[in-house]
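Trainee: Just passing along the structure, written as structure tokens.
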Amino acid sequence: MPAYNEEEMLETAVAEATAAGEANFTEFEILIVDDGSTDRTAQIADRLGSEQERIRVVHHAHNRGFSGAMLSCVQNAVGQYVFMGPADGQANFQDVARFWALVDRYDLIFSYRQHRGDAAGRKAASTLWYLFIRVMLGTRIPEFSSLFCFRRDSIPQFVVPIRPDASNFLPVLYLTAVRQRLRVGTIGIDHGPRRGGTAKGGNVANALRTIVEDLILCWRLRIRPRR
């Protein structure tokens, strides 16, 4: 569970994740990756970790951004499978059962938005960005939602490194997995409204970094790929 300045929702999200884990598994851990939060997220995470053996916390000394936080989740998880979900209350952790029903068929399972609870402006910005990266990368990348289930030993190495402080981790992971003919699945989920805190990924600086990186990825993956 990547978390950046989620003091309002973190404890609730962890409780919901714990309930989903207990309802579906005999062995699991909850890994909270505090991405350099400047509010009380780190303290709340540490308290939860001290209260429950199943909760483990990793702290970033500074904010690494969306891609950096997700990559850290994958790198620090210890189980055979990693199920990622947000700390903002927009996803239903009980959906883990739907993903788990597909793990024999797929190595990497991505979710896409069936219904989205965000504001109209955020929806429009997301739609435009996905149109842009589909053109840049030449692949019909789904508009990802916020839950994912990956078999850890099947997560491919990226041919081109990506910035941790942009938003290209998921598109490049999906593209790389498809090109390497891994078993890639998708599942539609409802994406509800944020129940606390503020959205972090829609700021102008992040958008500009991501767009610039998309142009670089287009050049290195499509126009002049390494042989």
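The values are calculated or read from the model by the stated rules, or taken from the named source; none is laboratory data. It should be emphasised that the depicted structure is a prediction, and the values quoted were computed from it without experimental measurement. As a convention, Cβ positions derive from the backbone with ideal geometry for all residues, glycine included, and neighbour counts pool all protein chains shown. Note: accessible area is taken over every heavy atom of the protein model, side chains too, but ligands, DNA and RNA are not part of it. Shrake-Rupley method; radii C 1.70, N 1.55, O 1.52, S 1.80 Å.
A quick yes/no check of all residues on (1) open to solvent by 20 Å² or more (accessible area, probe 1.4 Å); (2) over 13 Å from the mean Cα position of the chain (by Cα); (3) closer than 25 Å to Asn5 by Cα:
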position: Gln52; (1), (2), (3): yes, yes, yes
position: Ser67; (1), (2), (3): no, no, yes
position: Met70; (1), (2), (3): no, no, yes
position: Met84; (1), (2), (3): no, no, yes
position: Phe99; (1), (2), (3): no, yes, no
position: Gln114; (1), (2), (3): yes, yes, no
position: Pro142; (1), (2), (3): yes, yes, no
position: Ile155; (1), (2), (3): yes, yes, no
position: Val160; (1), (2), (3): no, yes, no
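Trainee: Quick check on the stretch 1-36: of everything there that is polar (S, T, N, Q) and under 23 Å from Gly192 (Cα atoms), which residue is least open to solvent (accessible area, probe 1.4 Å)?
Mentor: Result: Thr18.
Trainee: Also, quick follow-up: Residue under question is Ser154, and the condition is that it be over 23 Å from Ala87 (Cβ atoms) and of a type in the set (Gly, Ala, Ser); does it hold?
Mentor: So Ser154 passes the test.
Trainee: If you don't mind, another one. Report yes if Ala69 is outside any strand (DSSP E or B), out of contact with any Pro (no Cβ under 6 Å at 6 or more places or on another chain) and of a type in the set (A, V, I, L, M), otherwise no.
Mentor: Answer is no for this residue.
Trainee: Any idea which of Glu53, Glu22, Glu6 is assigned to a loop (DSSP other than H, G, I, E, B), of a type in the set (D, E, K, R) and without any contact (Cβ under 8 Å) to a residue 60 or more places away in the chain?
Mentor: Checking each option against the conditions leaves just Glu53.
Trainee: With the structure loaded, tell me whether Ala91 is in contact with a His (Cβ under 9 Å, 6 or more places away or on another chain) and hydrophobic (A, V, I, L, M, F, W, C) or whether it fails that test.
Mentor: yes
Trainee: Restricting to the stretch 177-224, and then to whatever is touching a Phe, Trp or Tyr at 6+ places or on another chain (Cβ under 9 Å), under 23 Å from Arg140 (Cβ atoms) and charged (D, E, K, R), can you tell me which residue is most open to solvent (accessible area, probe 1.4 Å)?
Mentor: This residue is Arg183.
Okay, residues lined up against (1) at pLDDT 90 or above; (2) on the phi > 0 side of the Ramachandran plot; (3) of a type in the set (Lys, Arg):
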position: Phe150; (1), (2), (3): yes, no, no
position: Pro156; (1), (2), (3): yes, no, no
position: Leu182; (1), (2), (3): yes, no, no
position: Ile189; (1), (2), (3): yes, no, no
position: Pro193; (1), (2), (3): no, no, no
position: Lys200; (1), (2), (3): no, no, yes
position: Thr210; (1), (2), (3): yes, no, no
position: Arg224; (1), (2), (3): no, no, yes
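Trainee: Moving on. If Arg64 passes every condition in (1) more than 28 Å from Ile109 (Cα to Cα); (2) charged (D, E, K, R); (3) at pLDDT below 95 but one, which one does it miss?
Mentor: Here Arg64 meets the rest and fails (1).
Trainee: Could you please find all residues in the stretch 101-112 being in contact (Cβ under 8 Å) with a residue 60 or more places away in the chain and either acidic (Asp, Glu) or open to solvent by 80 Å² or more (accessible area, probe 1.4 Å) (or both)?
Mentor: Arg105, Asp107, Tyr112
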